[in-house]
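A short reminder: the numbers here are calculations on the coordinates, not readings from a lab. Since this is a predicted model, take the numbers as computed values, not measurements. Glycine gets a Cβ as well: all are built from the backbone with ideal geometry, and neighbour counts include every protein chain shown.
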Amino acid sequence: MADVSATMDLRRRDASDKLRGRTRYTIDRYLPGMLHAAVLRASVPAGRIVRLDTARATRMPGVHAVVTAADAPGKIGIGIADHPLFARDVIRYDGEPLAAVAAGTLAQAQAALAAIEVEIAPLPALLTMAEALAPEAPLVHPDWREHEILLEGGARAGNVAWEATVVRGDVDGAFARTDVEIVESTFRVGRQNHVAFEPRAVVADYEDGRFHIETSTQVPWTVRNATARLLGIAPSQVRVTVPPVGGGFGLKFDLAIEPFAALLARASGRPVRLVNSREEEMLTCLFRENAEIRIRSAVTREGEIVGREAVVLMDCGAYGGEQIFLTTMTAHTLGGNYRLGSVRLVSRAVYTNTAPNGAFRCCNGVYNTFALERHTDEIAERIGMDPLAFRRRNVLGDGDLGATGQVFEGDVLGPMLHRMDTLRDAAAPPRALADGRLYGRATTVGTWFVFVGPSAATVNMNADGTATLVTSGVEIGSGSMMQSLPQIVASTLGIPPETVIVRAADTDAAGYDVGVGGGRTTVSLGAASLSAAQEVRTKLLKVASDLIEAAPDDLVMREGRIEIAGAPGSGRTIAEVAARAQAQIGPISGTGAFTGAGVQAMPGCVAGHFIGAIDIPIFAVHDCEVAVDPETGHVEVLAYRVVQDVGRALNPRAIQGQIQGGVVQGLGYALHEEVTIGANGRVCQNGFETYRVPLAQDVVPVEISLYEGAPSIGPLGTKGAGEVPILNVGAAVACAVANATGKRVQELPLTPPRVLELLLDRKQDIALPHIAAAWADNLVRPHNQPDRS
Amino acid sequence: MVFTLSVNGDRLASTADPVTPLVDVLREEFHLTGAKPVCREGFCGACMVLVDGKPAPSCLMPVALAADCEIRTVEGLAGGGTLNPIQQALETCDAVQCGMCFPGMVVTLTHLLTTTSGATRDDIRAALTGNICRCTGYERIIDAAVLALAAT
Ligand code: FES
Ligand code: FES
């Protein structure tokens, strides 16, 4: 093990260049001879392509290449391959790509787009999940049966792209008991745009018969493999490298515009740059999906939850995308907070004729936590129990079962609630607000997980005593690549973290990786880096032991030296040993690989899930105080507190920065960020004027307490910390607003007009008639029957 | 038509169309890519530069209007090899995440620091209304401004 602690207050090495404007993101790359590309997008939500003629565009000034569906034969997706690069015959959403052009200047490329002749016969569009689930609804994918299946087991039919179910215990029996109250709640949330400051951007080239794609992505390997699939070539024909990324939040966890640039580079023989305009980012963002949720619980008067059922509808837009995978998450985000006697859940990804949705920080978790926590307050109110006491009584503890029958280890949420009590009670007591505003407060819990998956790392020991870490990890802003990974390598080798060089991602240089997201960087890449560094350490100690004439076990690596334990200043510098090793046996390097242990669900519990249980659960407790203006409906957040389970904090300051940022992004979601779809099928918010993200004046400093010591398979006991902070912000704000107003909060965001409607009792209860009353009637296939589609 | 621009003390010539936004000229002609065209609507502040000493979004300024002005971009704010006081404070406070908003933040806060004394946290928040950050939740940025103000 390392002699030196990996816990450090290491500053980011990329800060100085970022502060000088010197960092070169993908959008800052301009190659000599480079062409500029633009994409023609459909302007109807549904239609049949009658004619698409690019002949005139090809002859326009400056145009070097025009590509269409004929150039990209494949389809991609998760679970099912339903997504072509360009609309082929059928248009399924407003903004769907039809053709792409590369020209000498962007203006020339845009002029050429205008010269493409398109004739489209409009078709009726399904803009909501209610419409898509109506009995006679047309099909967004009439050919859904023909989609190639990439993962067996999900139930599908018509406009239900994927369905995942969980059944554990006798739920009917629980609801039939005479000693229970049955509480039912319904919820609705809108879409959220990531608004990553760097839009999706790519520069592609075709060199020596292979594609080189430089792109702003979180998933270099996905870009490599999915591009190859769309283009119908071998994945090894694609090399992906990634400059610093100007914000991701999950938006860049999927293939984006890379294949357009790649195709155009091959067709033109020149490097091609393609950058989404802000409007393209606003209209075709892979938004956090809108969702509709019904939860029912059977609860005893003493506060025991004996049965729970839920239906979660997730709008995937025109293509399945990540929602197919995310249907899995409902089991853990609705079923991982509280002890449940019995439970059944279904989450369904529903096709609509709208822009596809995608992953966004704590995808699926934010709205399910909002729904679950509001439902929890409604239960507490019904049985006349204090909401916090109800939570204390029911949160999962050591040995308790999650929804899928997974056994949770350790008491974590209980002590975290206790920690929050201390934080909250140390603060000023609740006040009657002098200005007539309504005061509210709430404490909520949330469960998230680390998306583990495979990662690889190599550490090369340099003869000057520095080490180079080679991975497919990407620095998206969270600092994991700049702080936790070099800290892990440095502590293992006893060298200063500043002397660990972190290589930018390059799929030709580093091994496979799932990508940077889901809080997995420190865990998966960290574990791979740790084991690579340990191999280097073992090799170095062996060389040193000959040199110093001491057994490797008697040696320590610290402060750049390999010394005899207990004899500071003895031995040699690591640089001397590394140089000697290089001359004697060749350069020293180590490799490491990691993947999740793969916790199993209880047999028969889940169907259509990508994972049955979670390797590393992460818990969070949030507390929020609000003031609601009864005249305007404006909600001001007065105080915000977070107790977050971090496993072990390698760099507490870096984690606190993530928590402050994540909470503020969550405040936007809770209070004003909402993407809506107009009657024409187009996203209404096309820029910063119409989509308002939090400003400096909207936020409060978050009081943070990092909870360490919960079990984790992460390296050195770590868990991911950057994803979770947004998890229960919507829940905490909604519960606090309900507490302040005494009204039933069923919807986010809580914009002033919405809150005012609540206050004036003008808000109708949210009815979701397209969710059937009997849980089983919401399934296209009974739970656990094999797929016969 | 050729414009002569004064950027970070250098005289630079541009042949751009007079209505081209200054941010595009800076980036594409002069390869000063510090200013970021994030929203192109004047809302986010990531493209902020000093025009005759005052912060202005370079996405809204036609290059023709900039011709007779002194332009200073984020690249011109660090004194030689060292960071200026606000850059230094932002580094010390570990404020930077993805970094895309920082060129504009640095411009706005450098201006605040050189023109104001005794600004409170609320004053700093108010000064930052034209600079959006999607990553950090602002507090570290405000901490840094407080630190830099205290040191001047
Ligand atoms: S790009 Fe100029 S203010 Fe946003
Ligand atoms: S650091 Fe990413 S936008 Fe501010």
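Put simply, the stretch A:708-761 fits an ellipsoid with semi-axes of 36, 11, 6 Å; these come from the alpha carbon gyration tensor as the roots of five times its eigenvalues, largest first. Think of the stretch A:1-85 as having a plus end and a minus end, set by charges on the Cβ of Lys, Arg, Asp and Glu; of A:Leu40, A:Thr23, A:Ala72, A:Leu40 sits farthest toward the positive end of this dipole.
Shape class of the stretch A:67-211 from the alpha-carbon gyration tensor: prolate, with a/c at 1.5 or above and a/b greater than b/c. A crude spin-label estimate for the pair A:Asp179 and B:Val19, with each label 7 Å from Cα along the Cβ direction, gives 7.7 nm.
Peptides A:522-535, A:163-176 ranked from most to least packed give A:522-535, A:163-176, packing being the mean of other C-beta atoms within 10 angstrom over each peptide's residues. In the stretch A:514-621, the convex hull through the Cα atoms has an average projected area of 11.4 nm², a quarter of its surface area. On a per residue basis, the convex hull of the C-alpha atoms belonging to the protein assembly as shown measures out at 174 Å³. Remark: mean inter-chain Cβ contacts per residue of A:652-664 equal 4, using a 10 Å Cβ-Cβ cutoff to other protein chain atoms.
With a/c under 1.5 counting as rounded, go ahead and sort chain B into rounded, prolate or oblate using the C-alpha gyration tensor (a ≥ b ≥ c being the square roots of the eigenvalues; past the cut-off, prolate if a/b is larger than b/c, else oblate). In terms of gyration-tensor shape, prolate. Quotient of the Cα radius of gyration of the stretch A:21-88 and 2.2 N^0.38 Å, N being its number of residues: 1.50.
Values of log10 I(q)/I(0) for the stretch A:397-526 across q = 0.17 Å⁻¹ run -0.94, by the Debye formula with one identical scatterer at each alpha carbon and no solvent. Where Rh is the Kirkwood radius over the Cα pairs of the stretch B:3-76, the temperature 4 °C and the viscosity 1.567 mPa s, what D in µm²/s does Stokes-Einstein return? Diffusion coefficient, whole number: 111 µm²/s.
Between A:Ala767 and A:Ala432, residue separation times 0.36 nm minus the direct Cα-Cα distance comes to 117.1 nm. Each Lys and Arg adds +1 at its Cβ and each Asp and Glu adds -1 at its Cβ; summed about the Cα centre, the stretch B:85-151 shows a dipole of about 140 debye.
For A:Ile616, the amide hydrogen comes within under 5 Å of the amide hydrogens of A:Val450, counting only partners 5 or more places away or on other chains and with H modelled in the peptide plane. Using the Cβ-Cβ distance between A:Ser570 and A:Asp421 with R0 = 51 Å, the FRET efficiency computed as 1/(1 + (r/R0)^6) comes to roughly 0.50.
The stretch between A:Asp386 and A:Glu498, if pulled fully straight at 0.36 nm per residue, gains 35.2 nm over its current Cα-Cα span. Computed across the stretch A:292-380, the Kirkwood radius stands at 13.6 Å (inverse of mean 1/r, all Cα pairs). Overall, the anisotropy analysis places the stretch A:69-145 in the prolate class: the square-rooted eigenvalues a ≥ b ≥ c of its C-alpha gyration tensor yield a/c not less than 1.5, with a/b exceeding b/c. Largest GNM mean-square fluctuation among B:Pro37, B:Pro103, B:Pro62, using chain B with Cα springs under 10 Å: B:Pro62. Residue exposure proxy: A:Tyr439, A:Tyr338, ordered by other Cβ atoms within 10 angstrom of their Cβ from fewest to most, comes out as A:Tyr439, A:Tyr338.
The dipole here belongs to the protein assembly as shown: it is taken about the Cα centre, uses +1 on the Cβ of Lys and Arg and -1 on the Cβ of Asp and Glu, and is about 640 debye.
When each of the peptides A:49-55, B:21-27, B:131-137, A:142-148 is scored by how many other beta carbons lie within 10 Å of its residues on average, the order from highest to lowest is B:131-137, B:21-27, A:49-55, A:142-148.
A 26 angstrom limit on the alpha carbon distance is what I want to check against. Which of A:Lys252/B:Lys36; A:Lys18/B:Lys54; A:Lys252/A:Lys719; A:Lys719/A:Lys743 exceed it? Flagged as over cut-off: A:Lys719/A:Lys743. Inter-chain neighbour count for A:22-34: the average number of beta-carbon atoms from partner chains within 10 Å of each residue's beta-carbon is 3.
Alpha-carbon geometry of the stretch B:85-151: the Rg and the Dmax are 10.4, 29 Å, given in that order. When the charge dipole of the stretch B:85-151 is built from unit charges on Cβ atoms (+1 for Lys and Arg, -1 for Asp and Glu) and taken about the Cα centre, the candidate among B:Ile86, B:Ala145, B:Cys135 whose Cα reaches farthest toward its positive end is B:Cys135.
Here the relative contact order of chain B, from alpha carbon pairs under 8 Å that lie six or more residues apart, stands at 24 percent. Were the residues from B:Arg11 through B:Thr114 laid out at 0.36 nm apart, the gain over their Cα-Cα distance would be 34.6 nm. Take each peptide in A:724-732, A:239-247, count the other Cβ atoms within 10 Å of every residue, and average; sorted highest first, the result is A:724-732, A:239-247.
Taken about its Cα centre, the stretch B:3-76 carries a charge dipole of about 180 debye when Lys and Arg each add +1 at the Cβ and Asp and Glu each add -1 at the Cβ.
Neighbouring Cβ atoms from other chains, within 10 Å of the Cβ of residues in B:44-51, number 1 on average.
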